[in-house]
Amino acid sequence: MSASLAPVHYVIPGFCGMLCRMEIKRINTPDAPQPAGHYSQATVYNGLVFVAGQLGIDPTSGGKKSGSIEEQTEQALNNVHAILKAAGSDWDRVLKMNISITDIGLWEAVNKVVATVLRENRPARAVIPCGPLHHGFLIEIEAIAATDS
């Protein structure tokens, strides 16, 4: 004979659970490249900011940093940072980064730039070898961070 368990509901003070509708905020800053498709630079929901994948595009000129992997990585990180700042966050609040690279052999150079830019901040991170990226870029970086916005 198997027992049937009734669901148990907990009331947590200050927690709205599934009954509360939280607002989704969309981030758009001129300090990062404007989306080239049907997406937002980032969305903020329930204290988290989800930054869309960023390429090595200069937001001022719209020019593509098609130089070295170091230059592309630095520009992509600058773009992520500008979006984080616009969402009320910063490097010290980044929880997770996904880094897509076209060749795993680029990893060492990418890691050096990331370590220089993020300094003591060490978010969880995945490096994903992938096929060709849009416009011939070698790297794309996305992030999830905490925010008070």
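With respect to the conditions (1) hydroxyl-bearing (Ser, Thr, Tyr); (2) touching a residue at least 40 places away in the same chain (Cβ under 8 Å); (3) in a helix (DSSP H, G or I), residue 100 lacks only one, and its number is (3). Could you tell me which residue of segment 18-47 is surrounded by the most Cβ atoms within 10 Å (Cβ to Cβ), considering only residues that are of a type in the set (A, V, I, L, M, F, W, C), under 14 Å from the mean Cα position of the chain (by Cα) and under 30 Å from residue 103 (Cα atoms)? By that ranking, first place goes to 42. Residues in segment 57-79 that are in contact (Cβ under 8 Å) with a residue 60 or more places away in the chain, of a type in the set (A, V, I, L, M) and in contact with a helix residue (DSSP H, G or I) (Cβ under 9 Å, 6 or more places away or on another chain): 69, 77.
Residues of segment 1-44 that are among the polar types (S, T, N, Q), at pLDDT below 90 and not in a loop (DSSP other than H, G, I, E, B): none at all.
Condition check ((1) exposed (fewer than 14 other Cβ atoms within 10 Å of the Cβ); (2) of a type outside the set (Val, Ile, Thr); (3) on the phi < 0 side of the Ramachandran plot) across all residues:
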site	(1), (2), (3)
88	no, yes, no
98	no, yes, yes
109	no, yes, yes
113	no, no, yes
122	yes, yes, yes
132	yes, yes, yes
145	no, yes, yes
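The values are calculated or read from the model by the stated rules, or taken from the named source; none is laboratory data. Quick caveat: nothing in here was measured; it's all calculated off a predicted structure. Reconstructed Cβ throughout: ideal geometry from the backbone, glycine too, with neighbour counts over all protein chains shown.
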